[in-house]
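The values are calculated or read from the model by the stated rules, or taken from the named source; none is laboratory data. Model, not experiment: these values are computed from the prediction. Neighbour counts are summed over all protein chains in view; Cβ atoms, including those assigned to glycine, are modelled from backbone coordinates with ideal geometry. Accessible surface areas use protein heavy atoms only, side chains included; no ligands, DNA or RNA. Shrake-Rupley method; radii C 1.70, N 1.55, O 1.52, S 1.80 Å.
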Amino acid sequence: YNIESDAFAYRMMGDEKQLCFWEKGLLRFMLKKWICLMLCITTLALPLLACGADPAENVSAPDTPDTSLTASGGGTSAYVADVPVVDLDGRVFRVLCRDYGYGSTSITGFNGEVIQRPDYDEATAGIGDQAKAEVRRRVEERYNCTIEGDFDHGTSTQFNDIIRNGVLSGSGTYDMVFDAYGYSSLLVTDNMYVDLNTIESLNFDQPWWDQNAKEDLSIDGKLYFMVGDINTFDNDGTWVMLFNKDLKADLGIEDDLYALARDGEWTFDKFTELCKGVTYDSNRDGVLDEFDTWGFATEKYNVFIHTLAAGENIVRKDENDIPYFSFQTETTYDALSKILDFYMDTNTVMIADNGRFDNKGYTNIWEETIVKAFREGRALFYCCGLMNVPGFRAMEDEFGILPVPKTNPEQDSYYHSVSMTNMSALCIPNNATDYTELGYIIESLAAESKNTVTPAYYEKNLKYQSLTDDESGEMLDIIFATRSFDLGTVFDWGGILGHYMKIDTDFVSRFEAVYPVAQAALEDTLEALENLN
């Protein structure tokens, strides 16, 4: 590759914008190579400097979780479950966990909730998996029990059949299930899962449970799915905005995006302003496609993400905890108009699944277009789940995590969606009459996880090569505190969610057409739940 000839070509074409990108990119490339050289020299020098040091003063390995607050033998726990500690005489508790990210190259690093895969190796495991294994060992020792289980990557029907068969046969194969609530909701009205609010040894008012989820996911006073520190893939399924720091600098954007978010001024209008004018034919083939540089890389599902970011849910709930549809409102329509107007700007926004790339033979159209563009430094912004973050840690450019911008400037809060299928939630199969001891175990796992797993999760997601992005950590605090769990996506009555995922402005007629079907499905669910009493 001849750098000088490339620069010459830009000058001959009179393309000052691309020449500027080239010059800044070359400077960045040379700077990073210099930093890498200095790091290598430092790494080689450290052992020589430490030869005479006391071994007791050596720093622990970076992937070892800090358990100083939580060691069960002599340490002081920051969080302790308010449940009795009893000898369970070797009782075995069984966990079934969906095998998230199976076969994906962009969703990586998931190795289980509470349990780990059969090939788990502590010596090579990451900090998050080490923390989960340590929590499980502590609880097993405390209660004289064993916690084990299985993974399954079958379809939603196949996974649900495992639960259904276990309940109907009376075998009680699994005590806990971690599945996406978009799938497990299909079993609720068949009485396959327990109303978690009926288990007295579970206390969802404790800080290791997500209080927004407790409020949002209940229906008619019943709670069938719950998330908290006991599981992490619900965090991974939380949608955020990523931005390329190096590309931002190359473009001359001086705005402090972290400060905007911190001050509540990170808005959709500001976001779209920054995206404009970024897209260009970076491979110079005369075609604007997935191989070029874009202001925003996204997918159709994110139309809903931005709508919810406006505080516009599919359903709300009345004073009796009964859901009702709220999507046919002027505020929802105003938000959709603004969002779709931007998404239809084909000179700014690259949408993976709007049909543009369907004839290219891609096995996974998202990974081959928007994921690849962001990984290769060719997208300023990318809206995705936190599950994608580990897959970007090896990319050459540095990136940061931001909240999804407020769709309307006057909002008093951000709102963040959790995916209906790319997430995990705790469910308990309806195969016993007494869940007291199971509640002790779950509460203890959750409390210990808040001490150990959650800090490890932050460190895993915020560590970039040899640097730690503390500002993105501050953003995660904002994001997790403003999560919204919409029952309209959990149950997807009438297939309503799909009507958000169309890149055209004819949403009013679509919503009017789907409303009767969705309302009938909602009423069927409420009737079925009432009959379970």
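Among the residues of region 194-211, is any among the aliphatic types (A, V, I, L, M), surrounded by fewer than 21 Cβ atoms within 10 Å (Cβ to Cβ), out of contact with any His (no Cβ under 8 Å at 6 or more places or on another chain) and within 15 Å of Leu445 (Cβ to Cβ)? Among the residues of region 194-211, at least one is among the aliphatic types (A, V, I, L, M), surrounded by fewer than 21 Cβ atoms within 10 Å (Cβ to Cβ), out of contact with any His (no Cβ under 8 Å at 6 or more places or on another chain) and within 15 Å of Leu445 (Cβ to Cβ), which makes the answer yes.
Counting the residues of region 271-289 that are surrounded by 16 or more Cβ atoms within 10 Å (Cβ to Cβ) and within 23 Å of Met475 (Cβ to Cβ) gives 5. Identify all residues within region 428-452 that are farther than 23 Å from Asp129 by Cβ, open to solvent by 10 Å² or more (accessible area, probe 1.4 Å) and not hydrophobic (A, V, I, L, M, F, W, C); write none if there are none. Correct list: Asn430, Asn431, Thr433, Asp434, Tyr435, Thr436, Glu437, Tyr440.
I need the full set of residues from region 313-346 which are among the polar types (S, T, N, Q) and surrounded by fewer than 17 Cβ atoms within 10 Å (Cβ to Cβ), in order please.
Let us first name the residues in region 313-346 that are among the polar types (S, T, N, Q), namely 313, 320, 326, 328-329, 331-332, 337, 346.
Asn320, Ser326, Gln328, Thr329, Thr331, Ser337, Thr346 - these are the residues of region 313-346 that are among the polar types (S, T, N, Q) and surrounded by fewer than 17 Cβ atoms within 10 Å (Cβ to Cβ).
Against the numbered list (1) acidic (Asp, Glu); (2) within 28 Å of Leu529 (Cβ to Cβ); (3) out of contact with any Asp or Glu (no Cβ under 6 Å at 6 or more places or on another chain), Asp250 comes up short only at (2).
Would you confirm, using the coordinates I've provided, whether Phe381 is open to solvent by less than 70 Å² (accessible area, probe 1.4 Å), of a type in the set (Phe, Trp, Tyr), farther than 15 Å from Tyr301 by Cβ and part of a helix (DSSP H, G or I)? Steps first, please.
Details: open to solvent by less than 70 Å² (accessible area, probe 1.4 Å): yes; of a type in the set (Phe, Trp, Tyr): yes; farther than 15 Å from Tyr301 by Cβ: yes; part of a helix (DSSP H, G or I): no.
It is false that Phe381 is open to solvent by less than 70 Å² (accessible area, probe 1.4 Å), of a type in the set (Phe, Trp, Tyr), farther than 15 Å from Tyr301 by Cβ and part of a helix (DSSP H, G or I).
Among the conditions (1) modelled with pLDDT under 95; (2) under 27 Å from Tyr457 (Cα atoms); (3) surrounded by fewer than 20 Cβ atoms within 10 Å (Cβ to Cβ), the only one that Thr146 does not satisfy is (1). Apart from one condition, Phe110 fits all of (1) open to solvent by less than 40 Å² (accessible area, probe 1.4 Å); (2) at positive phi; the exception is (2). Going through region 212-248 one residue at a time, which ones are in contact with a Lys or Arg (Cβ under 6 Å, 6 or more places away or on another chain) and open to solvent by 30 Å² or more (accessible area, probe 1.4 Å)? Listed by number, the list holds a single entry, Asn212.
How many residues are of a type outside the set (S, T, N, Q) and assigned to a helix (DSSP H, G or I) if we restrict to region 297-322?
Taking region 297-322 first, the residues of a type outside the set (S, T, N, Q) are 297, 299-301, 303-306, 308-312, 314-319, 321-322.
Still in the list and also assigned to a helix (DSSP H, G or I): 303-306, 308-309.
Residues meeting the conditions: 6.
Here Asn461 qualifies as of a type outside the set (Phe, Trp, Tyr), surrounded by 21 or more Cβ atoms within 10 Å (Cβ to Cβ) and out of contact with any Ser or Thr (no Cβ under 7 Å at 6 or more places or on another chain).
Checking the structure you have, find out if any residue of region 396-417 is assigned to a helix (DSSP H, G or I) and either open to solvent by less than 30 Å² (accessible area, probe 1.4 Å) or over 30 Å from Thr298 (Cβ atoms) (or both). So far as region 396-417 goes, no, none of its residues is assigned to a helix (DSSP H, G or I) and either open to solvent by less than 30 Å² (accessible area, probe 1.4 Å) or over 30 Å from Thr298 (Cβ atoms) (or both). Taking region 348-363 as the region of interest, how many residues are surrounded by 10 or more Cβ atoms within 10 Å (Cβ to Cβ) and of a type in the set (Ser, Thr, Tyr)? Summing the residues that are surrounded by 10 or more Cβ atoms within 10 Å (Cβ to Cβ) and of a type in the set (Ser, Thr, Tyr) in region 348-363 gives 2. For region 175-227, filtering for residues that are outside any loop (DSSP other than H, G, I, E, B), touching a residue at least 24 places away in the same chain (Cβ under 8 Å), out of contact with any Gly (no Cβ under 8 Å at 6 or more places or on another chain) and within 18 Å of Leu487 (Cβ to Cβ) leaves 16. Would you call Glu527 open to solvent by 50 Å² or more (accessible area, probe 1.4 Å), farther than 16 Å from Tyr183 by Cα and within 19 Å of the chain's Cα centre (by Cα)? In short, no. Residue count for region 386-418 satisfying the condition of being within 14 Å of Leu308 (Cα to Cα), touching a helix residue (DSSP H, G or I) at 6+ places or on another chain (Cβ under 8 Å) and at pLDDT 90 or above: 10.
Just checking, which of Tyr414, Tyr457 is touching a Lys or Arg at 6+ places or on another chain (Cβ under 7 Å), in contact (Cβ under 8 Å) with a residue 60 or more places away in the chain and closer than 30 Å to Asp397 by Cβ?
On the way: Tyr457 fails: touching a Lys or Arg at 6+ places or on another chain (Cβ under 7 Å).
It is Tyr414.
Figure legend. Inter-residue proximity from region 489-506: first residues of a type in the set (Lys, Arg), second residues at pLDDT 95 or above and buried (at least 18 other Cβ atoms within 10 Å of the Cβ), beta-carbon distance below 6 Å, spacing 6+ or different chains. No pairs are indicated. Close contacts from region 512-529, counting a first residue that is without any contact (Cβ under 8 Å) to a residue 60 or more places away in the chain and a second that is surrounded by 16 or more Cβ atoms within 10 Å (Cβ to Cβ), with Cβ to Cβ under 6 Å and a gap of 6+ residues or different chains, come to Val514/Gly494; Val514/Ile496; Val514/His499; Val517/Gly494; Ala521/Trp493; Ala521/Gly494.
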